[in-house]
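Trainee: Here you go, one structure.
Throughout, read-outs are computed from the coordinates displayed, never taken from laboratory work. Just so it is clear, the structure is predicted and the values come from calculations on it, not from any experiment. Cβ placement follows ideal geometry from the backbone for every residue including glycine, while neighbour counts extend to all protein chains displayed.
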Amino acid sequence: MKVLNVFFSVTGNTKKIALQIEKTIRAQGHEVDTIEVNKNTDKDDLDFLDYDFVFVGTGVYIWLPPQEMINLWKNLQKKYVKSGDIKSYAPRRVNKKAVTYCTFAGPHTGINEATAVPEFLGQILDHLGFEVVTEWFFEGQFNSNDSFYTQFNTKGRMGDITGRPNEDDLRRVDSMVSGILNV
Ligand SMILES: Cc1cc2nc3c(=O)[nH]c(=O)nc-3n(C[C@H](O)[C@H](O)[C@H](O)COP(=O)(O)O)c2cc1C
């Protein structure tokens, strides 16, 4: 199986998850292309339709993906509408599957402030006819020198998220990726 592993990570938390995803996909004997999105990433740098399985993740920034990722997704939508690959009714494509995920801190409303992110990321794939099999959420601490932010690593709805994602989270990722590739 050919797998695409796309992520955007401002402070490194999502990158930890994405690198574990890549490692597990390889260990399971599949081919994987990992693309770390940055502000210069262009819509022509990736084509979901070249792949059987797609993983996409970002951090949560005021309830949404980072602006760079939103811009890229809008440009990809335009590209696939123009090419005719996004069709009315979004007919399903055989053996095209995806998982979307985010890392989040959830200090105020917990997982509620993160749910829009995997939903948003998945819509481009759903529009193309992929089955978005599931959405994953991983705690990610605030990496900052500003105590306004770091106070939320211990004072928030998710409890103490210091050091997350940690080794236990990465073991969980390994186990979940191994499972989901068999869907
Ligand atoms: C400016 C800023 C805004 C954030 N906004 C939210 C938010 O609205 N909800 C949330 O759950 N986490 C929020 N976070 C926490 C990040 O989503 C979390 O640390 C994530 O793991 C960062 O991922 P990244 O390092 O891969 O970009 C915010 C972090 C920063 C620095």
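Trainee: Using the 10 angstrom Cβ neighbour count as an exposure proxy, how do 180, 161 rank, fewest first?
Mentor: Details: 180 18, 161 21.
By the 10 Å Cβ count, ascending: 180, 161.
Trainee: Working out 0.36 nm times the residue gap between residue 95 and residue 147, then minus their Cα-Cα distance, what length gain in nm do you get to one decimal? Please report the intermediate quantities before stating the final value.
Mentor: Working: separation 52, 0.36 × 52 = 18.72 nm, distance 4.67 nm.
The residue 95-residue 147 span can extend by a further 14.1 nm.
Trainee: Suppose R0 equals 22 Å; then what is the FRET efficiency for residue 182 and residue 31 from their Cβ-Cβ distance, rounded to the nearest 0.05?
Mentor: My answer for the efficiency is 0.85.
Trainee: Could I ask something else about it? Stick to Cα atoms and the Kirkwood definition of Rh, then tell me Rg/Rh for the chain.
Mentor: Numbers: Rg = 16.3 Å, Rh = 16.8 Å.
Using Cα coordinates only, the ratio equals 0.97.
Trainee: Right, another one. For the charge dipole of the chain, defined by +1 on Lys and Arg C-beta atoms and -1 on Asp and Glu C-beta atoms about the Cα centroid, which residue among 41, 140, 165 has the Cα displaced farthest towards the positive pole?
Mentor: 41
Trainee: Given an 8 Å cut-off on Cα distances and at least 6 residues of separation, report the relative contact order of the chain as a percent.
Mentor: Numbers: 319 pairs, mean separation 42.5, N = 183.
Over the chain, the number comes to 23 percent.
Trainee: Count the lysine pairs in the chain whose Cα atoms sit under 15 Å apart, keeping only pairs 8 or more residues apart in sequence or on different chains.
Mentor: Lysine pairs, 8 or more places apart or on different chains, close enough: 12.
Trainee: Please state the shape class of the range 138-183: rounded when a/c is under 1.5, otherwise prolate if a/b exceeds b/c and oblate if not, all from the C-alpha gyration tensor.
Mentor: Numbers: a/c = 3.55, a/b = 3.01, b/c = 1.18.
It comes out prolate by the Cα gyration axes.
Trainee: Nearest 10 degrees is fine. How inclined is helix 167-180 to the longest principal axis of the chain, computing both from alpha carbons?
Mentor: For 167-180 against the chain, the angle is about 20 degrees.
Trainee: Here is a further query. If you take every DSSP beta bridge fully contained in the chain, what fraction is antiparallel? Give it as a percent rounded to 5. List each step's numbers first, then the result.
Mentor: Details: 1 of 28 bridges.
Antiparallel bridges make up about 5 percent of those DSSP assigns within the chain.
Trainee: Of the options 21, 6, 123, report the single residue whose Cα projects farthest towards the positive end of the charge dipole of the chain (beta-carbon charges: Lys, Arg +1; Asp, Glu -1).
Mentor: So the residue furthest toward the plus end is 123.
Trainee: Measure nothing but the geometry: give the 0 to 90° angle between the long axis through the Cα atoms of 67-83 and the longest principal axis through the Cα atoms of the chain, rounded to 10°.
Mentor: That helix lies at roughly 10 degrees to the long axis.
Trainee: Rounding to the nearest 20 debye, state how big the charge dipole of the range 2-180 is about its Cα centre with +1 on each Lys and Arg Cβ and -1 on each Asp and Glu Cβ. Walk me through the intermediate numbers first.
Mentor: Values: 21 positive and 24 negative charges, 67 e Å.
Once rounded to the nearest 20, the dipole reads 320 debye.
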